[in-house]
Amino acid sequence: MIQANPTLASFLSNISDQERQALRNLADYTHVHSLSEVWPLAAQKFANIVALHSPHTKPEIKITYRELAENIQLFANGLQSLGVKSGDRLSLIADNSPRWFIADQGIMTAGAVNAVRSSQAEKEELLFIIANSGSTALVVEDIKTLQKLRERLNDLPIQFVILLSDETPPEDSLQILNFSQLLEIGTNHNFIPAPRQLEDLATLIYTSGTTGKPKGVMLSHRNLLHQVVTLGVVIPPTPGEVVLSILPTWHSYERTGEYYLLSQGCTQIYTNLRSVKNDLKKYKPHYMIAVPRLWESIYEGIQKQFRDQPPTKQKLINFLVGNSTKYMRLQGIAKGLRLEKTNPSPIEKITSQIQAVIILPLHKLGEKIVYQKVREATGGRIKHVLSGGGALPRHIDTFFEAVGINILQGYGLTETAPVTNARRPWRNVLGASGQPVPGTEVKIVHPETRKPLPPGERGLVLLKGPQIMQGYYQNPEATAKAIDSKGWFDSGDLGWVTLQNDLVLTGRAKDTIVLTNGENIEPQPIEDACLRSPYIDQIMLVGQDQRSLGALIVPNIEALQKWLETQNIVSEKIDLESKIVQDLFRQEINSEVQNRPGYRADDRIGPFQLIEEQFSIENGLMTQTLKIRRHIVMDKYSDIINRMFSK
């Protein structure tokens, strides 16, 4: 019998009975010393279950757990035959596909470290990553990706290149092999196992820093295995259950989610933004990991279907959803699962439960004629969806709870591998990001004095645990700034904790807008409130060193067009500067901001500008995880912003 590693096992030594129950039937990996040891064990447990399914590639790809482990080993064999040794760094520049996963784990199986990034990233950024990581080999998406980098590779110590495609390698002074050629070489190589320890470096993930060069986050096997071993307390899947994958596979949030769910025998299906709505219906996933922007998109699609109904039916739907929202709120208060009442008195619990029982028949009516159809649009089998990578707007959270789709909001950063907190199925407190996962500590301190603050008081979020990075690669100054001498990591986020240790985030410290009156404004909650308007597709607040807040707003053109038709205004092109449109948006933002819990006069949005171009990955205004790149938007629209405040 293999002796369990006490360090990994200790992560689970102090957990609740509910968490222990969730882990009871899961595959146990507390005895391994590296992430790459997981896949041969998974192959033994789940041999013929499909692990990876890529329906949108030509040809379509399906790989079982047995085939996955074999391909990972062959990839590692091939690398070792080309001279890769323990500790070598290889840059993996590619996007979502089964071959990405094989390459990622093949590199680790060979004992090497990978530096990962999308093939769509800017050329200069990729070259910086290759050089900074000290990579001696390159694994790339295809010839096109190689050609983007080729002219500068002669200045770097690159010894060979692997294409993840099966394209014929071009003639070159560099040794270039395609995927199949590498695996063929691997079949003829006697592999020498690379001894690994938990503290060994596994991967470098480069943050897309807001200023200067990106920093290489050093994640060890311990960091990654902590997530594999502990995330079962959040989602305990059954082998063969389906996961729909849409986020960039190299990103820490998606990547860790894949490692965990695949370690438990799930079938992962790759989708994309273009195909996701059809794939939800076709493949009927049980789980999905995504960012708030995707849930906003799905929510808007549902709202559009509601708006397309006759007026009388629209009123009925809105009434039923409103009733169910109230019903779920009352149920939450009765169970102590509402931020406004996390510690209700016995009388409050009883009163809420009685009120919930009274309106239950209307909730059941909504279930029968509305919510069941909404869930069918997501495949009808979703158990839980995990949201992270940004704050989930409260109205999105509330709506999906009302219709019976359970969103478990989580929290973390690339530097924390990434999950530090997550809501549990039995403790799903809307508006919070959950309690810490096993082995993790959260401390709230005053942003300036660093004095610890009690529950309920807002301050800077510090984190500590086995998932905290080793540091920033070759950047001791940045590492020392991020992690103090006692191991506390400065998240850069502001928030507070409840008495039950649920973390509630209120914004980014560096995103804070300071008005000329000295008031500090967190933009995210106000932006989330404005997004409740059907006419606002995207919004970003501005106003640093101004007398009031301002906003850049991307309107929902389709919803706006329909509203104008109700005003008997029909035009091929909407005049965004017209008085009627400007008045509508003034009314919408005033209403949504003022109706927000905790509204203050300084939260009011003064000048705003409607802009036609959406914030997107393609135009560089959003990250790969669909978060607005505020500094880039500020630069692009600086003239407009200046004019807004000079009026």
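Test Asp545 against the criterion of being open to solvent by 10 Å² or more (accessible area, probe 1.4 Å) and in a strand (DSSP E or B), and give yes or no.
So Asp545 does not fit the description; no.
Pairs under 8 Å by beta carbon, first residue in contact (Cβ under 8 Å) with a residue 60 or more places away in the chain in the range 340-369, partner of a type in the set (Ser, Thr, Tyr), six or more apart or different chains?
Close Cβ pairs (under 8 Å, with a partner that is of a type in the set (Ser, Thr, Tyr)) amount to Thr342/Thr498.
List the residue pairs whose Cβ atoms are under 7 Å apart, where the first residue sits in the range 146-174 and is without any contact (Cβ under 8 Å) to a residue 40 or more places away in the chain and surrounded by fewer than 16 Cβ atoms within 10 Å (Cβ to Cβ), the second is polar (S, T, N, Q) and assigned to a helix (DSSP H, G or I), and the two are 6 or more positions apart or on different chains.
Within 7 Å, the pairs are Asp166/Ser180.
Looking only at the range 5-29, filter to residues that are acidic (Asp, Glu) and touching a helix residue (DSSP H, G or I) at 6+ places or on another chain (Cβ under 9 Å); which one of those is surrounded by the fewest Cβ atoms within 10 Å (Cβ to Cβ)?
Asp28
Checking Val84 against (1) without any contact (Cβ under 8 Å) to a residue 40 or more places away in the chain; (2) among the aliphatic types (A, V, I, L, M); (3) farther than 27 Å from Tyr283 by Cα; (4) surrounded by fewer than 24 Cβ atoms within 10 Å (Cβ to Cβ), only one condition comes out false. Which one?
Unmet condition: (1).
Could you list, in sequence order, all residues of the range 307-355 that are farther than 16 Å from Asp397 by Cβ and among the acidic types (Asp, Glu)?
Asp308, Glu348 - these are the residues of the range 307-355 that are farther than 16 Å from Asp397 by Cβ and among the acidic types (Asp, Glu).
Checking the condition touching a helix residue (DSSP H, G or I) at 6+ places or on another chain (Cβ under 7 Å) and at pLDDT 95 or above, which residue from Gly232, Gly257 passes?
Gly232
Examine the range 472-486 for a residue that is part of a strand (DSSP E or B), open to solvent by 40 Å² or more (accessible area, probe 1.4 Å) and polar (S, T, N, Q), and state whether such a residue exists.
No: zero hits.
Quick check on the range 274-285. Is at least one of its residues assigned to a loop (DSSP other than H, G, I, E, B), modelled with pLDDT of 95 or more, of a type in the set (A, V, I, L, M) and surrounded by fewer than 24 Cβ atoms within 10 Å (Cβ to Cβ)?
No, there is no match, as no residue in the range 274-285 is assigned to a loop (DSSP other than H, G, I, E, B), modelled with pLDDT of 95 or more, of a type in the set (A, V, I, L, M) and surrounded by fewer than 24 Cβ atoms within 10 Å (Cβ to Cβ).
Count, please, the residues in the range 128-145 that happen to be of a type in the set (A, V, I, L, M), closer than 19 Å to Val217 by Cα and open to solvent by 10 Å² or more (accessible area, probe 1.4 Å).
1
Among the residues of the range 548-560 satisfying the criterion of being in contact with a Gly (Cβ under 8 Å, 6 or more places away or on another chain) and open to solvent by less than 10 Å² (accessible area, probe 1.4 Å), which is nearest to Pro534 (Cα to Cα)?
Among residues in the range 548-560 that are in contact with a Gly (Cβ under 8 Å, 6 or more places away or on another chain) and open to solvent by less than 10 Å² (accessible area, probe 1.4 Å), the one nearest to Pro534 (Cα to Cα) is Gly550.
Tally the residues that are in contact with a helix residue (DSSP H, G or I) (Cβ under 8 Å, 6 or more places away or on another chain) and hydrophobic (A, V, I, L, M, F, W, C), restricting the search to the range 260-272.
2
Only one of Arg375, Arg423 is among the basic types (Lys, Arg) and either open to solvent by less than 10 Å² (accessible area, probe 1.4 Å) or touching a helix residue (DSSP H, G or I) at 6+ places or on another chain (Cβ under 9 Å) (or both); which?
The unique qualifying residue is Arg423.
Tell me which of these Trp563 doesn't satisfy, since it passes every other one: (1) in a loop (DSSP other than H, G, I, E, B); (2) open to solvent by 20 Å² or more (accessible area, probe 1.4 Å).
It is condition (1) that Trp563 fails.
Would you pick out the residues in the range 626-642 that are at pLDDT 90 or above and acidic (Asp, Glu)?
Of everything in the range 626-642, just one residue is at pLDDT 90 or above and acidic (Asp, Glu), namely Asp639.
Of the residues that sit in the range 577-597 and are in contact with a helix residue (DSSP H, G or I) (Cβ under 8 Å, 6 or more places away or on another chain) and part of a loop (DSSP other than H, G, I, E, B), which one is farthest from Pro393 (Cα to Cα)?
The extreme case among them is Asn595.
Which members of the range 469-486 meet the condition of being touching a residue at least 60 places away in the same chain (Cβ under 8 Å) and out of contact with any Ser or Thr (no Cβ under 6 Å at 6 or more places or on another chain)?
Matches in the range 469-486: Met469, Tyr473, Gln474, Asn475, Ala478, Ala482.
The values are calculated or read from the model by the stated rules, or taken from the named source; none is laboratory data. Treat the numbers as computed from the prediction; the structure is a model and nothing was measured. Methodologically, a virtual Cβ is constructed for each residue, glycine included, from the backbone with ideal geometry; neighbour enumeration extends over all protein chains shown. For the accessible areas, the whole protein counts, side chains as well, though only heavy atoms, and no ligand, DNA or RNA atoms are used. Shrake-Rupley method; radii C 1.70, N 1.55, O 1.52, S 1.80 Å.
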